[in-house]
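So the structure is just underneath, and the comments pick up after that.
Values in this text are rule-based calculations from the coordinates and carry no lab data. Keep in mind it's a predicted model, so treat the numbers as computed, not measured. Cβ: placed from backbone, ideal geometry, glycine included. Neighbour counts: every protein chain shown.
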Amino acid sequence: MKTIEGKVVLLGSQGVGKTSLIGRYIGNFDNVSPTIGASFFNCKLNLGDMKIKLHVWDTAGQERFRSMAPMYYRNANAAMLVFDLTQYNSFAAIKGWVKELQQNVEDTMVLAVIGNKSDLHQRQVDGEEGQKYATSIGATYHEISVLHNEGVETVFLAIAKGLLRMVSDNTDITSVKIFDSSSFFNGDGMPLLPSVEESPQNTSIAHGILEKPFTCC
Amino acid sequence: MAAKESAVETIDDGIAEPGIEPGASSETMLVTTDSFDEYEQEMSSSIDGDRQMKESTGSTISEIQEDSTQDIPISASPQESGKTLSLDDAEMDDVAHRLGQSNIDGDPLRCKAWLAQKKHIFILSQAGKPIYSRYSSEDKLVTVMGVMQALVSFVQAGSDMIRSVHAGDTNFVFVVKGPLILVAVSKTLESVPQLTLQLTYVYNQIISVLTQSQLNRVYDQRRNFDLRRLLTGSERLIDHLLNFMDREPAFFLGAIKCLPLLPSMRSSITQTIIQTCAKIKNLVFAILLANNQLVTLVRMNKFFLHPMDLHIIQNLVDSSESLKTAESWTPICLPKFDSNGYMHGHVSYLSEDCQACLLLLTVDRDVFFVLSDAKQKIVEKLRRTNCLEAINESMNKPTITTADIGLPDMRHVLYKCKSTAQFWNPGFQPPYTTDEEIERLLGLYQCLHHRLHSPSRPLKLIFQQLDKETMLAWVASGFELYVTFEPLVTKPDAIEAVSKLLKWIKKEEERLFILNSPTF
């Protein structure tokens with residue numbers, strides 16, 4: 001049995017439900033107050049005979065934290081781009097985030113575009129438009145309702161599958177950690193720092209490819 | 001009004017310095033201040049406040065950072081200090097125009113409930129742009145804020161500074177700080193210095209979110225910047241702070257309350273934190289809070305925490321439910337410590353079964369996982385040594401009352417130890433069981449506090465018989481004491497009760513206060 005560890009970052013405008021989404025997934029759904037800075041969560045899930053460990057950084061959506069985001073998406077293997085289906089602005093903001101990621105993250109990344117609040121009726125973002133955009137950047141597209149707990153599991157599964165595929169397609173991806181359970185002592189793996197330190201592989205010229213391929217699942 | 005009918009007398013001859021200072025210690029981890037320091041600073045900073053603020057660029061944080069990888073923006077040179085504002089004709093026309101439009105739908109100024117609120121707080125920019133209002137959406141108040149800005153800039157034009165306006169039972173208090181104007185409109189009995197202090201707290205809350213340098217920078221770039229863009233999500237911090245100040249004596253006392261703990265337990269907790277964190281570089285403060293009371297505070301040698309900064313931290317913890325469910329990595333600026341830079345805080349609750357909040361504050365932004373590991377180790381050790389249990393026990397125990405201590409005439413008391421900036425108060429007992437009564441009692445304490453510390457005529461001792469209670473307030477060399485008695489208590493009985501109380505506090509001091517000042 002193998003274990004895969006990856007760093008995931010949650011991005012999106014304020015109030016779209018990033019903290020609620022992760023809260024719902026780990027079973028701690030409550031009325032949340034705005035995140036200050038960022039919060040860190042560990043999630044584990046199984047895919048077939050693989051164990052997937054996600055280190056999730058839930059970032060704050062407010063403008064004043066925008067400049068801190070690189071700390072969290074640097075070295076990330078996956079990004080959940082969350083928007084509010086009833087706020088077109090929040091969807092437009094996703095595009096800004098994707099551009100920023102494409103410019104600043106060199107490794108391939110698993111992307112998921114997630115429209116939250118499908119339980120509300122004043123929808124402003126067309127499902128087709130969302131799907132089309134997601135496809136264009138090689139991301140999966142999800143419409144979910146955190147409130148009604150609809151689609152939350154699917155999002156995390158999609159991320160996990162994406163990581164798995166990325167690892168099997170691209171054997172030179174080094175930022176995703178793969179362990180054999182027999183040799184891997186759970187919880188002792190080096191965590192993925194939100195740090196300026198980059199592993200030497202990331203700085204090598206071999207990775208300075210201009211075109212940044214994004215894996216889709 | 002009760003105060004008017006009361007007999008005030010000083011009883012200098014009846015009460016002597018007790019010779020004991022319960023809770024006193026030569027070691028302190030907090031900066032000790034007089035609660036009115038802020039006010040005096042505010043008064044003296046007056047017109048060239050701008051300049052002072054811009055000049056204070058010495059950054060404590062960069063001092064700590066050996067390798068200054070983080071760029072702390074240094075605020076602009078004091079070039080604009082002498083600038084005064086004037087209303088030009090266009091602006092005047094604008095104000096007049098807006099005034100004419102004031103009777104729009106949903107105008108709070110026409111709403112009785114809004115007008116009846118006891119204490120309004122407004123924040124606006126020097127350009128008159130609304131930023132915050134306590135009881136209504138600020139953008140409905142453009143006209144009122146325009147008037148406030150006009151008042152401030154009119155007085156500024158005469159190289160002077162507006163402090164307060166008094167109309168009937170309403171006080172209008174102004175604080176102009178940096179690029180912001182803060183206004184309190186209050187019908188409470190709080191004095192001008194006390195309201196000024198509260199506005200300063202509100203300002204510090206904003207600094208804590210944005211830093212002084214960022215605040216100055218955005219307004220240097222654009223005078224009519226809409227600060228609400230940067231403050232979104234932080235209004236609740238200001239709301240919470242204002243309610244907090246209405247029910248917590250800690251703010252006007254300028255002091256911190258500690259969670260009562262056996263000294264051996266507290267020292268064991270402190271040692272655990274010190275041992276676990278000793279090797280972590282750049283860790284400045286470790287703070288453990290339970291029920292908003294201080295369990296322990298470990299600091300880096302040379303650096304002290306100001307009670308005001310600790311209050312801001314308490315406000316953050318108390319108002320952020322989301323801190324309970326995850327480990328957070330939170331940038332926080334401590335205005336008294338260094339108003340120009342962020343500290344990074346690893347914030348988490350100890351465990352599901354022990355709701356005490358641990359904050360590890362560092363100047364290093366890349367050590368989240370180091371601190372996260374340290375926290376895990378601290379919790380494990382605390383669990384093994386039964387410290388978690390001890391914290392829980394103290395958190396869940398009903399607060400001791402003066403009746404429990406054996407002082408039947410005494411209803412309630414505030415005791416502040418000056419040398420350590422810590423205070424203690426017992427639990428409320430009847431008749432102070434409803435919110436209104438508690439608020440009324442705190443109001444009485446604030447009146448006494450003001451009279452003891454009145455800048456023009458400070459008093460040492462007040463014994464005052466009111467309608468519903470008798471109050472005693474006393475500033476001794478080592479402490480401040482505010483006592484509420486049954487209304488018919490006699491003076492000798494009151495004095496005897498006070499000395500009994502002081503003896504009790506002295507006996508319990510090691511449990512009620514933190515008497516040492518641990519460092520990493």
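Peptide A:15-23 has a mean of 1 when you count, residue by residue, the C-beta atoms of other protein chains within 10 Å of its C-beta. Count Lys and Arg as plus one, Asp and Glu as minus one, and take only other residues whose Cβ is under 14 Å from that of B:Lys381; the net charge is then +1.
Here's how it looks for B:Val284: its modeled amide H is under 5 Å from those of B:Leu361, B:Thr362, B:Val363, which are all 5 or more places away or on a different chain.
Per residue of A:24-36, how many C-beta atoms from partner chains lie within 10 Å of its own C-beta, taken as a mean?
Values: counts 0, 0, 2, 1, 4, 1, 4, 2, 6, 10, 8, 7, 15.
Taking the mean over all residues of the peptide, I get 5.
Packing-based ranking of B:125-136, A:94-105 yields B:125-136, A:94-105, ordered from highest to lowest mean Cβ neighbour count within 10 Å.
A prolate overall shape is assigned to region A:28-93, the ratio a/c of its alpha-carbon gyration tensor axes (a ≥ b ≥ c) being 1.5 or greater and a/b exceeding b/c. Within the same chain, lysines fewer than 8 places from B:Lys468 are excluded, and of the rest, those with a Cα less than 20 Å from its Cα are B:Lys4, B:Lys491.
Taking neighbour Cβ counts within 10 Å as the exposure measure, how do A:Asp30, B:Asp309, B:Asp493 sort from fewest upward? Could the numbers behind the result be given before it?
Values: A:Asp30 13, B:Asp309 24, B:Asp493 16.
Ordered from fewest to most neighbouring Cβ atoms within 10 Å, A:Asp30, B:Asp309, B:Asp493 come out as A:Asp30, B:Asp493, B:Asp309.
Listing B:Ser454, A:Ser168 from fewest to most neighbouring C-beta atoms within 10 Å gives A:Ser168, B:Ser454.
Taking other residues whose beta carbon is less than 13 angstrom from the beta carbon of A:Val32, and scoring Lys, Arg as +1 and Asp, Glu as -1, yields +1.
Counting other C-beta atoms within 10 Å, which of B:Leu197, B:Leu109 has the fewest, and how do the rest follow?
Values: B:Leu197 25, B:Leu109 14.
Sorted ascending by nearby Cβ count, the order is B:Leu109, B:Leu197.
With K and R counted +1 and D and E -1, the other residues having a Cβ less than 14 Å from that of B:Leu305 yield a net charge of 0. Using a cutoff of 8 angstrom between alpha carbon atoms and counting only pairs six or more residues apart, the relative contact order for region B:145-298 works out to 13 percent. According to the square roots a ≥ b ≥ c of the eigenvalues of the Cα gyration tensor, what is the shape class of region B:256-396, taking rounded for a/c under 1.5, prolate for a/b larger than b/c otherwise, and oblate for the remainder? Note, shape of region B:256-396 comes out rounded. When the C-alpha to C-alpha distance is required to be over 31 Å, the pairs from B:Lys302/B:Lys397; B:Lys118/B:Lys506; B:Lys118/B:Lys140 that qualify are B:Lys302/B:Lys397; B:Lys118/B:Lys506. Neighbouring Cβ atoms from other chains, within 10 Å of the Cβ of residues in B:318-325, number 5 on average.
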